[in-house]
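Okay, so here's the structure we're looking at.
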Amino acid sequence: MKTKLFFLLILLSLASCSADDNEVPAIVNSGSFTHQGETYTVNRGYIIPVYTGNNPLYNQYKRQFYIGFSDGHITWENDLFVCANDVHQWIDFSLSTSAANSSNMNGIFPFLFGDNPLDMNNFISTSNVITDIVVENGQTVDFIDHNGTSMSATGSLEISSDNGVYTITYSYVDDYGDEVTGTYVGTLTVLHNHGS
């Protein structure tokens, strides 16, 4: 009887282990960026993807896409990013892919100081670091903004993805000579589709 009970316990423990092994872990969006010695938490990722349609009005967006990260809810209204009351920091990037209508965003995207962006493959044209955001009643009333552009910033951003989960790392020196580094792992919420 003890032997049967012993084997039953082993079978139950194996069954519970294999059930645990098959569970898919929940996606936890997490990340942070450091700017001027301060580290800011971001736990939401956003994207405006490249335009894949045929309307010539949106040709300029066939290679261009935007990604951004915040600690709160961002929406898109009247061609502007809109911060909810829970947003305190935001970092975004305007990037271009190597080919028109490409949905493949994996790769390294450098700033292109001294180069002609139109001759390059993947590149960053601008980045914005916005901190100390104060939103009251749906209106942004205060913030500190630092820019990085392809005219003077140096560094790069790298994107990889697997089943809709993105790993994004970046390190660059902005227009003011300040170093910005950061990471984000998680999903990206679509804010807007050009032409829709």
Odd one out for G195 among (1) under 19 Å from the mean Cα position of the chain (by Cα); (2) closer than 19 Å to T97 by Cα: (1)
Qualifying residues in segment 139-194 (those that are closer than 18 Å to Y46 by Cα and assigned to a loop (DSSP other than H, G, I, E, B)) - the one modelled with the lowest pLDDT: H194
Test: N85 is within 26 Å of G148 (Cα to Cα), in contact with a Gly (Cβ under 9 Å, 6 or more places away or on another chain), outside any strand (DSSP E or B) and modelled with pLDDT of 90 or more: yes
Tally of residues being over 20 Å from Q139 (Cβ atoms), in a strand (DSSP E or B) and within 13 Å of the chain's Cα centre (by Cα) across segment 47-81: 6
Number of positions in segment 148-170 that are within 18 Å of the chain's Cα centre (by Cα) and either of a type in the set (K, R) or closer than 10 Å to P110 by Cα (or both): 5
Unmet criterion (only one of (1) surrounded by fewer than 17 Cβ atoms within 10 Å (Cβ to Cβ); (2) in a strand (DSSP E or B); (3) free of Cβ contacts under 8 Å to residues at least 60 places away in the same chain) for S94: (1)
Residue among N78, N104, N128 that alone is surrounded by fewer than 18 Cβ atoms within 10 Å (Cβ to Cβ) and either modelled with pLDDT under 80 or over 24 Å from V50 (Cα atoms) (or both): N104
Single residue of S152, S171 found to be touching a residue at least 24 places away in the same chain (Cβ under 8 Å), more than 19 Å from S70 (Cβ to Cβ), of a type outside the set (A, V, I, L, M, F, W, C) and surrounded by fewer than 18 Cβ atoms within 10 Å (Cβ to Cβ): S152
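The values are calculated or read from the model by the stated rules, or taken from the named source; none is laboratory data. Please read these numbers as outputs of a predicted model, since none were measured by experiment. Please note: Cβ atoms are built from the backbone with ideal geometry, for glycine as well, and neighbour counts cover all protein chains shown.
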